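The values are calculated or read from the model by the stated rules, or taken from the named source; none is laboratory data. This is a predicted model, so every value here is computed, not measured. Note that each Cβ is placed from the backbone with ideal geometry, even for glycine, and that neighbours are counted across all protein chains shown.
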Amino acid sequence: MKFRTARHTKDLNRIIDFYGRVLGLKVLGEFRNHESYDGVFLGPEGADWHLEFTASNAAPAHYPDNDDLLVFYAESVEEFKRIKERFIVNRVRTVAPKNPYWKNNGITFVDPDGFRIVISVLRIVPKNQLNKKS
């Protein structure tokens, strides 16, 4: 089974920049003017999942909630630190998670549409290792 999550956005270019340059996902495909929709598929190459973002003349009609999360798991503390540093360098600020689990097991950011993403590590890592300066 493969997985795709799709979300409509008001600014496709900002989303591509954020998830590509900041988070490190690759553009796997895209389409233009498909029945008035433009879209992009972003994810790691060769993975069984990807994100799809679409844009059209219609504005998105969804509202982010502090518990609406995309959670990305780094495969090591070192990879986690590299991802975290890209967010810091790009001045993406952290936000306090609503769920206390993520306070202790990850770091939370907000994407350009106001939705939260969490970066964590596949295994449980002591909080002091996740939040210490890189």
Next on the checklist: Tell me whether segment 1-12 contains one or more residues that are modelled with pLDDT of 95 or more, outside the structural domain of Ser120 (by TED's automatic domain parsing), polar (S, T, N, Q) and surrounded by 13 or more Cβ atoms within 10 Å (Cβ to Cβ).
Outcome noted: yes
Item to check | Residues of segment 5-25 classified as part of a helix (DSSP H, G or I), of a type in the set (Lys, Arg) and either closer than 19 Å to Asp68 by Cβ or without any contact (Cβ under 8 Å) to a residue 24 or more places away in the chain (or both), total | outcome: 1
Checklist entry - Do we have Phe109 as within 20 Å of Arg4 (Cα to Cα), outside any loop (DSSP other than H, G, I, E, B) and modelled with pLDDT of 95 or more here? => result no
Next on the checklist: Quick check on segment 68-78. Is at least one of its residues modelled with pLDDT of 95 or more and part of a loop (DSSP other than H, G, I, E, B)?
Outcome noted: no
Checklist entry - Given the conditions (1) part of a strand (DSSP E or B); (2) within 27 Å of Pro97 (Cα to Cα), and given that Lys81 satisfies all but one, which numbered condition is not satisfied? => result (1)
Checklist outcome for this item: Subset of segment 39-57, residues surrounded by 12 or more Cβ atoms within 10 Å (Cβ to Cβ), more than 13 Å from Ala6 (Cβ to Cβ) and not hydrophobic (A, V, I, L, M, F, W, C), comes to Pro44
Next on the checklist: Consider segment 26-66. How many of its residues are aliphatic (A, V, I, L, M) and part of a strand (DSSP E or B)?
Outcome noted: 6
Checklist entry - What is the residue count in segment 67-96 for residues that are more than 15 Å from Ser120 (Cβ to Cβ) and in contact (Cβ under 8 Å) with a residue 24 or more places away in the chain? => result 7
